[in-house]
Amino acid sequence: MKRLYFFVWLFLPLLAKAQNKLLSVEESIATALQNNYDILLAKNDSLSAAIDYSYKNAAFIPRLNGNIGTVWNNNNTKQVLSDGTKRESNGLKSNNINAQLALSWTLFDGFKMFATRDKLAEFVKLGELGIKNNIVNTVAAVINTYYNIVRQKQQLKAIEEQMSLSEERVKLSQYRLDIGVGTKPDVLQAKVDLNAQKAARLQQQALIEQLREELNQVMNIRPTAPYDVSDSIPINTGIVLGDIQNSIEGNNPLLLIAKKNIAIAGFTLKERKAERFPTVSFNSAYNFNRTENQTVINSFSTLFNRNKGFNYGLTATIPILNNFNTRRLIKQAELDIKYQQLVYDNQKSLIDLAVINAYRDYIQQKKALDLEEENILLAKENVDIIFQVYKLGATTYIQLREAQKSLEDGYNRLITARYNTKLAETELLRLKGDLVR
């Protein structure tokens, strides 16, 4: 039984590692799109604009208001007539009830209501573009963080491979020392290098855990079970600069948002210009009034009076002078259109420059990746040859260490080039707006 417990304890870490769920980049993106705070906030803003748009036709509907009230009076009255007669009474009580149903319907306001309706539609589209922009940025962040974890895993694997070579160096150095053809400093240096790689492995493992936490934050999850990521970084080598540049204006969220702001500014100008025109309204009301007096002091006064009926008519409000406020608002609206156009032009210039720089980086990193993939094969072959020669005592310890250092540097450059190529690819697709469709 003790032996059984020993084997369970020994292989438990391996079993736990084997049970770790493999999280794909597609699953990471899907989780982030569902939970990311920036996307949820953008959706909330878009929903607010959608609610406003659902009432887009409210300006075309008449306004109907009802009023009702009652008043109780208790008066003391004294009257002196022209013939000298005096009448005086206290505690004259009366009750008055009035009600009104009033309708007001704007028939014409210089087409302002149409401009407002179309402006609300543009705000809905602006909200959708804001969501798309946050989605594109979130997807890019997920991809970059995810493959950074993959990169660090590859770096960890390279360190562990170097550790195995260093362990072999320690054995060979110790063996040569034991048979009298080696030196003690070679053994010590091999052990120092091995310990340095062990320390680097610990740092690398800690870095991987930190990056996992960053990915969790982007996805807005707190996983109860650990997960693993893939071991490779796929590269799209077929991106063409012309395809990116030709589709940017129609796909890039920031440019589309800038265009939409120009359209909204145009509708605002229409609203301001509409304030120069008369406003024609149809008005109608149904009125009810009832007065009841308990006593009167004048024989011509009524004890009971009731009026009811309706009226209707047209009202035209003609703007003549309002301290030139309308003119001021029109000029500001025209200036805002020019401002939004400048914002668009500036944004396009920045994005065009970013695309060119990202594509140059993409091409450079692809070339570097091809070179490093070729170089790593040479470095591996060189280490294998020198190891065999070192075993035969036909080479020096320094040459072996330099060969191993060249292999280590080659791994570092290869992994970095592969990740940088992925970063450049992701940035190009982000600028194109093609990470989500």
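Which of the following residues is under 30 Å from VAL150 (Cβ atoms) and either in a loop (DSSP other than H, G, I, E, B) or in contact with a helix residue (DSSP H, G or I) (Cβ under 7 Å, 6 or more places away or on another chain) (or both): LEU269, LEU254? Going through LEU269, LEU254 in turn, the sole match is LEU254. Among the conditions (1) at positive phi; (2) surrounded by 15 or more Cβ atoms within 10 Å (Cβ to Cβ); (3) at pLDDT below 85, GLY182 misses just one, which is (1). Only one entry of LYS367, LYS432, LYS348 meets the criterion of being more than 30 Å from LYS259 (Cβ to Cβ) and either surrounded by fewer than 20 Cβ atoms within 10 Å (Cβ to Cβ) or in contact (Cβ under 8 Å) with a residue 12 or more places away in the chain (or both), and that entry is LYS367. Considered as a group, the residues in the stretch 319-345 that are of a type in the set (S, T, N, Q) and over 24 Å from the mean Cα position of the chain (by Cα) include one that is surrounded by the most Cβ atoms within 10 Å (Cβ to Cβ), and that residue is THR326. For the stretch 65-77, the criterion of being part of a helix (DSSP H, G or I), among the hydrophobic types (A, V, I, L, M, F, W, C) and either out of contact with any Cys (no Cβ under 8 Å at 6 or more places or on another chain) or under 25 Å from PRO226 (Cα atoms) (or both) is met by no residue. Among the residues making up the stretch 246-300, those that are among the aromatic types (Phe, Trp, Tyr) and over 30 Å from PHE108 (Cβ atoms) are PHE288, PHE300.
In the stretch 187-204, the qualifying residues are those that are touching a helix residue (DSSP H, G or I) at 6+ places or on another chain (Cβ under 7 Å) and not charged (D, E, K, R), and the one that is surrounded by the most Cβ atoms within 10 Å (Cβ to Cβ) is ALA190.
Checked against the criterion of being under 30 Å from ALA140 (Cβ atoms) and exposed (fewer than 15 other Cβ atoms within 10 Å of the Cβ), the candidates ASN251, ASN289, ASN246, ASN261 yield just one match: ASN246. Within the stretch 205-216, being of a type outside the set (S, T, N, Q), surrounded by fewer than 17 Cβ atoms within 10 Å (Cβ to Cβ) and free of Cβ contacts under 8 Å to residues at least 60 places away in the same chain holds for ALA206, LEU207, GLU209, GLU213.
Every listed requirement among (1) surrounded by 20 or more Cβ atoms within 10 Å (Cβ to Cβ); (2) of a type in the set (Gly, Ala, Ser); (3) more than 30 Å from ALA59 (Cα to Cα); (4) under 37 Å from the mean Cα position of the chain (by Cα) is met by GLY127 save one, (3). Scanning the stretch 48-84 for residues that are closer than 30 Å to ASN293 by Cβ, surrounded by 11 or more Cβ atoms within 10 Å (Cβ to Cβ) and hydroxyl-bearing (Ser, Thr, Tyr) yields a count of 1. Within the stretch 56-83, residues that are within 21 Å of ILE97 (Cβ to Cβ) reach partners that are modelled with pLDDT under 90 and among the small types (Gly, Ala, Ser) with beta carbons closer than 7 Å, at six or more positions or on different chains, in the pairs ASN73/SER94; ASN74/GLY91.
Restricting LEU120, LEU103, LEU92 to residues that are farther than 30 Å from PRO234 by Cβ and under 23 Å from the mean Cα position of the chain (by Cα) narrows the list to LEU120.
State yes or no: is LEU423 at pLDDT 90 or above, aliphatic (A, V, I, L, M) and exposed (fewer than 13 other Cβ atoms within 10 Å of the Cβ)? So LEU423 fails the test. SER89 meets all of the listed conditions (1) in contact (Cβ under 8 Å) with a residue 60 or more places away in the chain; (2) exposed (fewer than 15 other Cβ atoms within 10 Å of the Cβ); (3) closer than 30 Å to THR326 by Cβ but one, namely (3).
The residues of the stretch 1-41 that are under 28 Å from ALA141 (Cβ atoms), in a helix (DSSP H, G or I) and at pLDDT below 80, listed by number, are LYS17, TYR37, ASP38, ILE39, LEU40, LEU41.
Screening the stretch 384-405 for residues that are in contact (Cβ under 8 Å) with a residue 12 or more places away in the chain, crowded, with 16+ Cβ neighbours inside 10 Å and of a type outside the set (A, V, I, L, M) and picking the one that is nearest to GLU373 (Cα to Cα) gives GLN404.
Here the stretch 217-254 is the region considered, the condition is being small (Gly, Ala, Ser) and in contact (Cβ under 8 Å) with a residue 60 or more places away in the chain, and the residue that is farthest from ASN36 (Cα to Cα) is SER247.
For (1) in a helix (DSSP H, G or I); (2) among the hydrophobic types (A, V, I, L, M, F, W, C); (3) modelled with pLDDT of 90 or more; (4) over 30 Å from LEU177 (Cα atoms), each residue gets a yes or a no:
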| residue | (1), (2), (3), (4) |
| --- | --- |
| LEU350 | yes, yes, yes, yes |
| GLN365 | yes, no, yes, yes |
| VAL383 | yes, yes, no, no |
| THR395 | no, no, no, no |
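The values are calculated or read from the model by the stated rules, or taken from the named source; none is laboratory data. A quick note: this is a predicted structure, and the numbers were derived from the prediction, not measured. Backbone-built Cβ (ideal geometry, glycine too); neighbour counts: all protein chains shown.
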